[in-house]
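Only the coordinates and a few stated rules stand behind these numbers; no lab work does. Quick caveat, the model's predicted, so the values are computed rather than measured. Note: ideal-geometry Cβ built from the backbone for every residue, glycine included; neighbour counts use all protein chains shown.
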Amino acid sequence: MMTPGKLITIEGTEGAGKSTALQFVQDYFVKANQAIVITREPGGTEIAEEIRRVLLYSSKTEAMQPDTELLLMFASRAQHIQQCIVPALSAGTWVVSDRYVDASYAYQGGGRGIDLHKIQTLDQLVVGKVYPHLTLLLDIPVELGVLRTEKRGLPKDRIEQEKKEFFERVRQVYLERAKHDPGRIKIIDASLSLAEVQAQIRSVLDTFMAEKS
Ligand code: Z5A
């Protein structure tokens with residue numbers, strides 16, 4: 001019988017270096033001859049990407065309600081899980097996702113202040129057992145993350161325009177979740193140089209691969 005694949009997620013606040021880390025993780029698995037699918041949230045499938053556009057670039061004249069944002073995040077996730085993640089894992093392929101369910105606790109729970117029980121209910125309904133086997137949490141002081149994204153010079157999306165305090169709350173929820181689930185969520189000090197960040201990620205992946213083989 002086919003051994004199901006593993007689900008690895010990358011999380012962090014703005015400018016923590018997730019996209020950069022994702023490239024490193026991809027190269028790591030290519031070298032290890034491990035078949036992987038790279039994906040992201042919100043998004044990852046055609047319909048989920050359409051929902052992403054609504055989430056990040058919708059109307060500038062009407063404020064999106066926090067509940068709308070939460071439900072759209074989970075609608076996109078439902079499509080992503082059923083259309084992309086589960087088929088890949090069932091075929092024995094590993095999946096690496098740039099953000100996943102922890103982001104809903106951090107951004108909609110911490111950032112927007114939505115009751116965590118509400119999020120838990122959606123989590124059970126939509127995610128269920130399709131939980132990450134490993135999560136790399138790229139942790140960085142909010143100001144440094146913002147500085148890094150500003151250097152890129154790209155226009156900010158709807159969520160990126162939030163205030164510093166919003167991202168401080170997001171960071172705190174991520175760190176709390178890591179504290180409660182240290183076996184799954186590994187904190188990476190993302191304020192360090194690229195080489196040092198990659199060394200931490202390599203060490204976590206080496207341990208994970210050794211434990212899973
Ligand atoms: N969201 C949500 O609210 N709820 C949910 O459930 C989900 C998501 C799933 C889109 O996410 C938004 O959706 C996001 C959360 C919300 N909103 N925000 N904010 P996204 O992941 O697509 O977008 P993002 O978080 O804004 O990602 P980002 O800005 O692209 O950041 P990043 O991927 O973490 O950073 P990066 O592009 O890899 O690096 C930033 C810059 O720093 C870049 O120029 C790098 O070259 C540089 N960098 C990277 N690492 C280093 C080191 N170590 N040293 C120096 N410079 C570095």
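Enclosing the Cα atoms of segment 130-213 in their convex hull gives a volume equal to 124 cubic angstrom per residue. Scanning residues 5 or more positions from Ile114 or on other chains, those with amide H under 5 Å from its amide H are Gly109, with H placed 1.01 Å from N in the peptide plane.
From the backbone phi of segment 156-169, what are the Karplus-calculated ³J(HN,Hα) couplings (6.51 cos²θ - 1.76 cosθ + 1.60, θ = phi - 60°) in whole Hz, Gly and Pro given as x? Result, ordered by residue: 7, 7, 4, 6, 4, 7, 5, 7, 3, 4, 4, 6, 5, 5 Hz.
Shape summary of segment 14-92, radius of gyration then Dmax from alpha carbon positions: 15.2, 49 Å.
Geometric descriptor of segment 64-213, per residue, is 131 Å³ (volume of the convex hull of the Cα atoms). In a Gaussian network model over the chain where Cα atoms closer than 10 Å are linked, find which of Glu162, Glu11, Glu69 has the largest mean-square fluctuation. Result: Glu162 has the largest fluctuation of those listed.
In the structure shown, do any of Lys60/Lys129; Lys118/Lys186; Lys60/Lys151; Lys31/Lys156 have a Cα-Cα gap over 30 Å, and if so which? Flagged as over cut-off: Lys60/Lys129; Lys31/Lys156.
Would you order Arg171, Arg184, Arg53 from fewest to most other beta-carbon atoms within 10 Å of each residue's own beta-carbon?
Ordered from fewest to most neighbouring Cβ atoms within 10 Å, Arg171, Arg184, Arg53 come out as Arg53, Arg184, Arg171.
Based on DSSP H segments of at least four residues, each scored -39500 (n - 2.57), the chain has a per-residue ellipticity at 222 nm of -14500 deg cm²/dmol. Looking at segment 1-149, the pairs of alpha carbons with a distance over 28 Å make up 19% of the total.
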